1. Restricting attention to segment 505-527, report how many residues are more than 22 Å from residue 628 (Cβ to Cβ) and either modelled with pLDDT under 95 or not assigned by TED's automatic domain parsing to the domain that holds residue 459 (or both).
2. Given (1) surrounded by 20 or more Cβ atoms within 10 Å (Cβ to Cβ); (2) in contact with a Lys or Arg (Cβ under 9 Å, 6 or more places away or on another chain), identify the lone condition not met by residue 201.
3. Of all residues in segment 482-539, which are of a type in the set (Asp, Glu) and touching a residue at least 12 places away in the same chain (Cβ under 8 Å)?
4. Provide a single number: the residues in segment 605-628 that are within 21 Å of residue 510 (Cα to Cα) and surrounded by fewer than 18 Cβ atoms within 10 Å (Cβ to Cβ).
5. So if I check each of 264, 269, which one is in a strand (DSSP E or B), aliphatic (A, V, I, L, M) and assigned by TED's automatic domain parsing to the domain that holds residue 310?
6. Among the residues of segment 660-689, write down those that are more than 29 Å from residue 585 (Cβ to Cβ) and modelled with pLDDT of 95 or more.
7. Against the conditions (1) touching a residue at least 40 places away in the same chain (Cβ under 8 Å); (2) surrounded by fewer than 22 Cβ atoms within 10 Å (Cβ to Cβ); (3) over 30 Å from residue 542 (Cα atoms); (4) out of contact with any Asp or Glu (no Cβ under 8 Å at 6 or more places or on another chain), where does residue 650 fall short? Just the number, please.
Amino acid sequence: MHYHLKTLTHITTVVRTLTGPSTRTMSTGLMFQLKVNPVNGTSEWIVIEEEQVDDVSPKPLLATTSYLDMLNDAPRNRAYCLAIDKAVTKHSQVLDIGSGTGLLSMMAARAMDIDTTSSTSSLSSSKGTVTACESYLPMVKLMKKVLRANNMNHKIRVLNKRSDELEVGADIASRADVLVSEILDSELLGEGLIPTLQHAHDNLLVENYQTVPHKATTYGQLVESTYLWKLHDLYNNEANVADGIHLVPKGKEGILQVKPQQFAMHCDAFGEDIQLLSEPFQIFEFDFWKRPESHGETRVHIKPTRDGTVHAVISWWVLQLDKEGKIFYSTSPKWISSPSSHSGTKDWCDHWKQCVWFTKGKGLAVCKDESVYMDATHTDISISYKFNDHHWLTTQDSHITLSPERISIYGDKQWRHSMLKALNYALKGIESPLCVIADDSVFLSVAIACVSKTSHIISLFPGISDKGSQYLQAVADENGYSMDQVRVINTRKQQLTMNDTHQNKVDLLIAEPFYFGADGMLPWHGLQFWSKRTMLDSMLSDDVCIMPCKGILKACAMSLPDLWRSRHALGDIEGVNHTMVNDTLGACGPSSESPCFPFFIWQCGEMEKLSDTFTVMEFDFLKPLSSCHGKTKVEFTEAGVCHGFALWIDWVMDSTNDVVMSTGPDQRYWKQGVKLLAEPLNIVQPGICSTVIEAYFDASSGELSVKNR
């Protein structure tokens, strides 16, 4: 599931990705910030006093969350504003759960001030109130700044608590009659919407309360897509490669797999890679104005519109924000023609995407007009599907769950061929080589055992550890190697020493590089390999082969208008000033540049390359880890508006530069780093216009900073 930091109503610990620090808010009021070094993998909690958040910019705490993209979603903001204006009167008792910057609370407070429809004689004379509930302390601090700047701090009571910690009579004077919230993820339920509403219904709201939004409906559509098929069916894709390596042998198809869940993706980017096999169909309807059930099931009968193979279900949701059914917001893909009453946006946004559910194996064959049925089930946090009693793959105890992109990489014929070519080059002519796999690559562990039957292999598996050992044991027979040949030593638990190698030095040190759990990180997270290589320096033989032997930080100037729109500096949002949050949220604007963010460039909406690919700097893995710097002049080759740069690393596997694994924007399996400019550059005369990009890698912190000069 994917929790936004914005609404941690049921989560006490916030653990951010390794692109930056995390925070843990304790009952004492202290904050603990988790600082992670992306190169050596070490982490530590450091104490931050509360006053530091006000005195020192908390930008590192919040800059990689989705707040900014959400606040830049004008149709969303407008829909909420209209619905709140209709629901709130000057006598309303309003509760805002997961308040974020307080935008919805301020809309509610303003609606009380401008309400002219209420009759004092027919209503209670009690004064309306707005209570904002937000559990994330750094966001509470930021919200209070926004309230003060908009002169609304005296109109809204802010509670730094989870909603399930609130008590009537202590935290709020009485039960609320209006609930406003935005605790929705791309799947709808993943942020804890149902348990939040259940608790609020039972403990915090009057009987006939109103909610904004009023209800949500989920929809789906059957699609055929070779691309989506390759993201989950490693067994059948591997069968087409025929290189003698069996990562998922017959009968063990689930030993490497993706989680049986919905995956948030920008489905408009698939373009011609998908064929629609049905009309859209309704799946679930969730009424927010009554107590929701934790479990629900429905059977959907679907009549395909053409012959084909169902590889996936693409789903989305539509919000009805008002009771009357006149204000809507939709997360549907662009090919869906929403009714005119659906005032939802078709603009690109990253905080809500469509979702993809993979069908089993090769997919489900369907014929036009011959109905199939789909059983849909929801829990309190997720939605799942199955077709015609086809269940998800059963799993073994030794199974490893990987991202869809990693599954697709392992089934890619060209990628596997390149890796095997590099291995054969490295192991040629070496008798009984000692090989150390420095990352979480099960492919390299199996491939080396297959390529060199006399090799001795040590797999460090820092992320998958014991599961990696169980996996190698499970597939040994099908790949023709003995576990006497392979050892797994988890270096997170102990340091590799000469005793582990029986006093033999390492002949081959290799990685893809791939580190489990780092799929959503910036490309240079793979520089962990450089740190591992450095720690093992004394154990390397004089003629050791190191793969990759170097990494090249590459970049390309890009026009990214949709991404820029979602992350540009905030100003007035429905009459509420938000300029004071820009630095904290990492907005790009005249006063500051944004940090680098990880994105699949090909899924970032409209895009265009404005320069050739250029090298920023190189990392020499033949030498120990060290800080380095790069600076280059960028010459534009196309006219257009440059919003920033895509950055990635090309991993050079061999000293002849014959095998290079690129993770650039032309490759769909890897995320790139995106550095947006403080202000876009208008390129009128390509070939004449230029700029300078500079990068610095700090070996001690593992941070890589990029600046445009």
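The values are calculated or read from the model by the stated rules, or taken from the named source; none is laboratory data. Note that the coordinates shown come from a computational prediction; the quantities given were computed from them, not determined experimentally. For neighbour counting, all protein chains shown are included, and Cβ atoms are generated from backbone atoms with ideal geometry for every residue, glycine included.
1. 4
2. Only one criterion in (1) surrounded by 20 or more Cβ atoms within 10 Å (Cβ to Cβ); (2) in contact with a Lys or Arg (Cβ under 9 Å, 6 or more places away or on another chain) is unmet by residue 201, namely (1).
3. Within segment 482-539, 500, 507, 512, 519, 537 qualify.
4. Selection size over segment 605-628: 6.
5. 264
6. 660, 661, 662
7. Result: residue 650 fails condition (3) only.
Condition check ((1) under 30 Å from residue 226 (Cα atoms); (2) part of a strand (DSSP E or B)) across all residues:
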| site | (1), (2) |
| --- | --- |
| 282 | yes, yes |
| 290 | no, no |
| 294 | no, no |
| 299 | yes, yes |
| 304 | yes, no |
| 314 | yes, yes |
| 317 | yes, yes |
| 322 | no, no |
